[in-house]
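Q: Pasting a structure below so you can have a look.
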Amino acid sequence: MSPAEPLVAAPPRDALWFPRFGSPPPAAGTAGTRLVCFPYAGGTASVYRDWRGHLGGAVADVAAVQLPGRGLRMREEPYTSAEPLVADVAGELVRRGITRDYAFFGHSMGALLAYEVACALRERGEPGPRHLFVSGSRAPHLYGDRTEHLLPDAGLRDFAAGIGALGDGDQALLNGAYLDRRLPVLRADLRVCNGYRWRPRRPLDCPMTAFSASDDPVADAAEVEAWRPYTAGSFLRHDVQGDHFFLTADGPARQRLLRELRGELARLATTTNSEQRNASWTY
């Protein structure tokens, strides 16, 4: 670096793990549940950038996890196995004090991470999430033993297109160009998923809500339903119309997802944990 080149301050650690996207952090002592969101394989925290506005007063904050290899962390090597990733996310949540009144949402790989982080926090003696929302994900014991991460770049791009990652028309061209740059991150994330091996543990105490999409080739309704034994609380599954990436398209499925989240999170403020554990149902 030349003497005339200005020094650029490194972004604060919180901005790396939890970028703000223009919304200020909640004031110290702010009451209400924080929703911590985990991205899908190859995804970034930006998919949740407008959720704070959509969820309104139902949450105190939305904290979207930014994994290495993307965004401000583009120069960092992505994780390729679940265990160190889960340990580091859990440690960061503890460091930031987001383990008192919080809920988790995860889509696809994000659902697997949310579950494992909840288990890791329990093992540390931390309070668990008040609710776990899983979307577009088969249950943890159904992960592993797949080989998409071994595909050549062209095959990996075809795989992503086949599960709806590119969309249609002009948007598909834009998303395709973006995907080509992000293939190493997608490949690393798929290694996390395909190398994962579930180990039996007692169910989580919190209620769980699951979302399955009608045309999802990654996680069908039965594979999403298989999350039911993972909670000792209530279990509710919603079926929505769409493919694996229904949460990224501004349509009825995404609107319903946000509406259901908003309603359930609003109820957390008025429902005790014991009341939440009474029933288990699905529709």
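The values are calculated or read from the model by the stated rules, or taken from the named source; none is laboratory data. Every value quoted in this text rests on a predicted model; they were computed, and no experiment measured them. FYI the Cβ positions are ideal-geometry reconstructions off the backbone, even for glycines, and counts take in every protein chain you see. Accessible surface areas use protein heavy atoms only, side chains included; no ligands, DNA or RNA. Shrake-Rupley method; radii C 1.70, N 1.55, O 1.52, S 1.80 Å.
Q: Within region 138-157, can one find any residue that is among the acidic types (D, E), out of contact with any strand residue (DSSP E or B) (no Cβ under 7 Å at 6 or more places or on another chain) and at pLDDT 95 or above?
A: Scanning region 138-157 turns up no residue that is among the acidic types (D, E), out of contact with any strand residue (DSSP E or B) (no Cβ under 7 Å at 6 or more places or on another chain) and at pLDDT 95 or above.
Q: If you go through region 51-79 one residue at a time, how many are over 15 Å from L258 (Cα atoms) and either open to solvent by 60 Å² or more (accessible area, probe 1.4 Å) or in a helix (DSSP H, G or I) (or both)?
A: 7
Q: Go through region 118-163 and count every residue that is in contact (Cβ under 8 Å) with a residue 40 or more places away in the chain and either aliphatic (A, V, I, L, M) or assigned to a helix (DSSP H, G or I) (or both).
A: 14
Q: Scan region 91-103 residue by residue and report those that are closer than 16 Å to A64 by Cβ and open to solvent by less than 50 Å² (accessible area, probe 1.4 Å).
A: Within region 91-103, E92, L93, I98, Y102, A103 qualify.
Q: Hey, which of the helices (runs of 4 or more DSSP H) in region 178-283, taking only ones fully inside, have at least 2 residues that are at pLDDT below 95, open to solvent by 60 Å² or more (accessible area, probe 1.4 Å) and out of contact with any Gly (no Cβ under 9 Å at 6 or more places or on another chain)?
A: 273-276
Listed here are the residues, each with its yes/no results for (1) out of contact with any Gly (no Cβ under 9 Å at 6 or more places or on another chain); (2) of a type in the set (D, E).
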site: Y79; (1), (2): no, no
site: E83; (1), (2): yes, yes
site: V89; (1), (2): yes, no
site: G97; (1), (2): yes, no
site: F105; (1), (2): yes, no
site: A111; (1), (2): no, no
site: A114; (1), (2): no, no
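Q: Scanning region 198-229 for residues that are in contact with a helix residue (DSSP H, G or I) (Cβ under 7 Å, 6 or more places away or on another chain) and of a type in the set (S, T, Y), which turns out nearest to L261 (Cα to Cα)?
A: Among them, the one singled out is T209.
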